[in-house]
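Trainee: Got a structure for you, questions after.
We did not get these values from a lab; they are worked out from the coordinates using the rules stated. Here the structure is a predicted model, which is why all the values come from computation and not from measurement. Here the Cβ positions follow ideal geometry from the backbone for every residue, glycine too, while neighbour counts run over all protein chains shown.
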Amino acid sequence: MKLPKLGKPLSKQQLDFLAAFSTSCRRSIVEMTANAASGHPGGSLSSVDFLSLLYTFIISQTGEPVIVSNGHISPAVYAVLSELGFVSKKNVLSTFRRFNSLFEGHVARHVPGVWYSTGPLGTGISAASGFALAEQLRGTKKKVFAILGDGESEEGQVYEMMNFSSKCQLSNLIVFMDYNRVQLSDSVKNIIPINPKKLFTAAGWTVIEVHGHDYQAMWSALRNAYSVQNTPVLLLGKTIMGKGVVGMENDGKKLKATWHGKAPTILEAQNMLETISLTREQQQLIMEFKKEQVRWKPKKVIIPKPLSRVKMNTGKPIVYQPGELTDCRTAYGKALLDLAKQNSQVIALTADVAESVKTSFVKDERPLQHIECGIAEQQMVSCAGGLSLAGYVPFASTFGAFMTSRAKDQARVNDLNQTNVKMVATHCGLSVGEDGPTHQAIDDLGSMLGLFNTMVIEPADPNQTDRIIRYAASRYGNFYVRMGRHKIPVLTKEDGTIFFDEEYEYYYGRCDVLRSGTDITIAATGATVIEALQAYEELRTGGVSAEIVIVSSIKQFDALLIESIQKTKRLLTVEDHNTYSGLGSQLAYHLQLSQVLVNQFSMLGVDTYQSSGTARELYQAAGIDSGGIVKKVREMMAK
């Protein structure tokens, strides 16, 4: 059998092959879900015809990315991959959804032939736009394919993706919607009636309606999709849930959600399999194709270790001088611009706040490396995930309140995928000031604490910000770097010289002693460090010898900090964040596990929502300014 060419009709032999291939996949879907006693057979069966066509006649030749956004149709994906010999069919059928199996309930990128792990609906399709954008930036002709559920399209993130992809004219993005008109609990019509054709057309997409079980029609639709210019393409595949399996298909035609997430029993599966048979000739067709026609096979997925070095020209650090008053976000923007000039793979993304988060430096001087996502934080973070797995180093920036609340799910899915996204949030804490409590991110660190593959950092001044941004760019992994809005002085040594000077090298979790002392350790982070330094001077005149330690991360603590605490036996933590999920609680947790005992331990942080006001007024009201620190230290010393 010869491979078909786009634009040429499929031959009878090619159609016979596809029918055999899909039938074998349908048998696998029934068998694996029955053996697991769980899974999602309905949508898998409605989408498997398109997946069979796509993987056999295109992906097996080109290796172009396929992102399955409705990750619950993993039985269909694994069935296709195993039929092509990319993974073990025996293991798929016997271990699907089992403990320690490679083949999890939702598609996972450690499976060869899967590019991005999905599950939470909406995240995958945004990641797909990132993969497509990467190819556009490179100027290649590679396509990126994505599979989208109809019920999934109720997610707001899908609308963000639609508008973004249209704006970027991602004509290399071809999305197949499995329009079986049934979702988890009922028909789409009864849950949330949507009109995908009108919605995507209104967003500027080219929509091609196609029979999702007719190979000839789908092949023709793909040819039409390839010829589209300047717009992304939606193949609106009209399908039937449970297609090809007696009982399931009947319910699907009636728009019943019976088999969306219900697996057949072993007995039901046996009866179903009797009606889905393959002749010896059909089996031979599949074997010959696999042996003679497959030109591309996925490689074993190798994920770099977190914090491992990546190829990056970090340039020369920018040094801010003593007496210079500036904000950390400006230092971030300037460092990012320098990185972008030195490295074409560095990309800045923002969500309509370029001037505020200072990615505007890149926008003005390197516009091709600046991506405006609009007011769409979820799209931005997931798109950045796709960009990173396609070889770019994306810096995604917005306000802390939005990055860690609206885009928390997207950051979590990137964490599961072990992507390489640098999330830099500005306007964090009370530092944002007059915008009021809705914008004062005092719980953002808590959103990132439970993510196993995301590093958390907070710089103390512009010079440290510069070094941290360069460090994050040169190390693999997801980062969350938070900083405030207001301007702060450059930190200096006791002799007045720059503390974070040209010789300073940052490493993850590094702590630094800003001032030495013997009576109490004041562990401060971010913009509260300058407050602690001012408190140090006042305390010293009163006879209290405080040791000021700058803490850069609340997830990893340096031995230097522990040594200081063991020396003074008194500890006060200070932060522009709540203490429940910030420096105070995390350091207490670390000390307990390390069995480090202190005589006194107290925490200063934001313990209630504040109102509008200047950063100075709000710090004073929360007791995290120099005066509040002095007061708390004196209380502790008096006991």
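Trainee: Taking the beta-carbon count within 10 Å as an exposure proxy, list D558, D178, D501 from fewest neighbours to most.
Mentor: D501, D558, D178
Trainee: I want the local charge near F452. Using Cβ-Cβ distances under 15 Å, sum +1 for each Lys or Arg and -1 for each Asp or Glu among the other residues.
Mentor: Here the count lands on +3.
Trainee: Would you mind calculating the relative contact order of segment 325-489 from Cα pairs under 8 angstrom and at least 6 residues apart, reporting the percent as a whole number?
Mentor: 28 percent
Trainee: Restricting the calculation to Cα positions, tell me the Rg (one decimal) and the Dmax (whole number) of the chain in Å.
Mentor: Rg and Dmax of the chain, Cα atoms, are 28.0, 93 Å.
Trainee: Relative contact order, percent, of the chain when contacts are C-alpha pairs under 8 Å separated by at least 6 residues?
Mentor: 12 percent.
Trainee: Just want the ordering: T614, T314, from fewest to most Cβ atoms lying within 10 Å of their own Cβ.
Mentor: Going from sparsest to densest Cβ surroundings: T614, T314.
Trainee: Quick one: which of K143/K299; K12/K142; K5/K90 span more than 23 angstrom between C-alpha atoms?
Mentor: Exceeds cut-off: K12/K142; K5/K90.
Trainee: Determine the sum of side-chain charges near Q14: Lys and Arg each +1, Asp and Glu each -1, restricted to other residues whose C-beta is under 13 angstrom from that of Q14.
Mentor: Charge balance in the 13 Å sphere: +2.
Trainee: Dimensions of segment 511-638 along principal axes (Cα, Å, largest first)?
Mentor: Taking the Cα atoms of segment 511-638, the three principal extents are 41, 33, 24 Å.
Trainee: What's the whole-number percent of alpha carbon pairs in segment 13-292 lying beyond 33 angstrom?
Mentor: Across segment 13-292, Cα pairs with separations above 33 Å total 15 percent.
Trainee: Right, next: Return the calculated 222 nm mean residue ellipticity for the chain, to the nearest 500 deg cm²/dmol, obtained by summing -39500 (n - 2.57) across DSSP H runs with n ≥ 4 and dividing by the residue count.
Mentor: Helix contribution divided over all residues of the chain: -12500 deg cm²/dmol.
Trainee: Cut-off is 10 Å between beta-carbons; in what order do T118, T23, T56 appear when sorted fewest neighbours first?
Mentor: T23, T56, T118
Trainee: Right, something else. If the cut-off is a Cα-Cα distance under 20 Å, which aspartates and glutamates reach K198, setting aside same-chain residues fewer than 8 apart in sequence?
Mentor: D150, E152, E154, E155, E160, D178, E209
Trainee: Right, here's the next one. What's the extension gain from R295 to Q534 if we count 0.36 nm per residue and subtract their Cα-Cα distance?
Mentor: 79.3 nm
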